[in-house]
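Since the structure comes first, as structure tokens, the remarks are kept for the end.
The values are calculated or read from the model by the stated rules, or taken from the named source; none is laboratory data. This structure is a prediction, so every number in the text was calculated from the model and none was measured. In this analysis, Cβ positions are derived from the backbone assuming ideal geometry, glycine residues included, and neighbour counts consider all displayed protein chains.
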Amino acid sequence: MLLQKAEQEKENVTVMRMICQRFPLIAVGVLALCAITSVPAHAYSWSSCSQYATYTENGYNLYTDEWGASSGQCVYANSSTNWWSVADYPDGTSVQAYPDTEIGLGNVNLSSLSAVNSSFNFSVPSGASFDAAYDLWTNNNVDEVMVWEDWNNNGPIASSYSCNQLGVNGCPFATNVSIDGVNYDVFQGYTNHNVVSFLRISKTTSGSVNLLDLMNWLANEGKLTSKTFSTADFGFEITKTEGSQQFTVNSYSLSYSSGGCTPTAITPYISVNNGSSWTEENSATVSSTSTQVDLGPQPTSGGSWKWSGPNGYSSTSRQIDDIPLSSGSNVYTATYTNSSGCNSTETFTITVN
């Protein structure tokens, strides 16, 4: 009866999503209604198909942020830094959603910060219109600074759209700007606030960046209204998909420091079944609590490590082998203290089905 009602009353999207998630094996004639919310094959700790929902963990907020549409997306998470969006926007002509992970810096002055380091690793589908980007804000949201790592058929806000630079319709005010060894074209435009966008000359799906260096470059160029740093987000601006498609953040981290202390970015690595190879990720799904899982983040030398985990687990080793596992989600947090005394953290989530 609920499915019949949902068909008759299209506005009752929430009810339909609940039905689709709980009963994925339904008649073929109804399956199309559940396309955007069919549950992924792998396990997850949190999910939501709501237009605006938040999952908070370890200081990060994960948002569904479907601000351009009222439905069409479900977000699934192993953690706030390992999650995926399943989106179905076949007719999108503008950004429909920006599922993202956010961390607040507290409206600090740029001059009081010494580093804002971040690393990312993500996967995107072919054919979709999207950009995978940081979205940085200054105090009172008077400046929006985007850093595009990868994109397809999306373009940044610009003062003029008579150019075709980097395959986008927009004219940059600066080209081939080198910051921390990465070259960018930089665009600026206005909506109800100042918007500046860095687009990498060479697209990538993994890497690291000191976001403070980008903000300081803009401040020195006179392109910021407020020389502050409020929040930092990372996610996918999704405009159009070819049917139901998945956008995945495999791993993500952000740390910041002030007073001349610069934290060291942690690169996560996991090895399953005592394998000879390591995978650069901060989450994995295994089938048994007896599966051997080793965690070996980097850097491999200098500084010190401290681990915390379920049931009071602790260690001071960099690499921890054959970690204790129980059914469900197992969260292990590594804290690295570098030679300057600055801390950075990385959370690993191992899910046992």
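Among the conditions (1) surrounded by 17 or more Cβ atoms within 10 Å (Cβ to Cβ); (2) within 13 Å of the chain's Cα centre (by Cα), SER123 misses just one, which is (1).
Kindly indicate the residue of the stretch 225-245 that is of a type in the set (D, E, K, R) and within 30 Å of ALA128 (Cβ to Cβ) and also surrounded by the fewest Cβ atoms within 10 Å (Cβ to Cβ) among those meeting that condition. So, considering only residues that are of a type in the set (D, E, K, R) and within 30 Å of ALA128 (Cβ to Cβ), the one surrounded by the fewest Cβ atoms within 10 Å (Cβ to Cβ) is GLU242.
Within the stretch 246-301, the set of residues being without any contact (Cβ under 8 Å) to a residue 60 or more places away in the chain, crowded, with 16+ Cβ neighbours inside 10 Å, not aromatic (Phe, Trp, Tyr) and not in a strand (DSSP E or B) comprises GLY296, PRO297. Only one of the numbered conditions (1) modelled with pLDDT under 95; (2) crowded, with 19+ Cβ neighbours inside 10 Å is violated by SER162, and that is (2).
Whenever a residue of the stretch 305-331 is assigned by TED's automatic domain parsing to the domain that holds GLU346 and within 15 Å of VAL272 (Cα to Cα), its partners that are part of a strand (DSSP E or B) and among the charged types (D, E, K, R), lying with C-beta atoms within less than 8 angstrom and at least six residues away or across chains, give the pairs GLN319/ASP294; ILE320/ASP294; ASP321/ASP294; ASP322/ASP294; ILE323/ASP294. Residues of the stretch 211-237 being among the hydrophobic types (A, V, I, L, M, F, W, C) and under 11 Å from SER111 (Cα atoms), which ones? Result: LEU212, MET215, ALA219, PHE229. If you go through the stretch 134-167 and keep only what is within 15 Å of LYS227 (Cα to Cα), β-branched (Val, Ile, Thr), in contact with a strand residue (DSSP E or B) (Cβ under 6 Å, 6 or more places away or on another chain) and not in a strand (DSSP E or B), you end up with just THR138. Annotation note: of GLY189, GLY222, GLY207, the sole residue that is assigned by TED's automatic domain parsing to the domain that holds ASN164, within 17 Å of the chain's Cα centre (by Cα) and either surrounded by fewer than 21 Cβ atoms within 10 Å (Cβ to Cβ) or touching a residue at least 12 places away in the same chain (Cβ under 8 Å) (or both) is GLY207.
Criterion applied to THR101, THR138 was being hydroxyl-bearing (Ser, Thr, Tyr) and either more than 30 Å from SER71 (Cβ to Cβ) or at pLDDT below 95 (or both), and the one residue passing it is THR138.
Evaluated against (1) closer than 16 Å to GLN245 by Cα; (2) of a type in the set (Gly, Ala, Ser); (3) surrounded by fewer than 20 Cβ atoms within 10 Å (Cβ to Cβ); (4) over 13 Å from the mean Cα position of the chain (by Cα), SER112 falls short on exactly one condition, (1). Of all residues in the stretch 70-86, none are within 25 Å of SER50 (Cβ to Cβ), surrounded by fewer than 21 Cβ atoms within 10 Å (Cβ to Cβ) and not hydroxyl-bearing (Ser, Thr, Tyr). With respect to (1) modelled with pLDDT under 95; (2) surrounded by fewer than 22 Cβ atoms within 10 Å (Cβ to Cβ); (3) over 16 Å from THR241 (Cα atoms), the lone exception for CYS20 is condition (2). Considering each residue of the stretch 138-146 in turn, none proves to be in the same structural domain as ILE238 (by TED's automatic domain parsing) and more than 25 Å from ALA219 (Cβ to Cβ).
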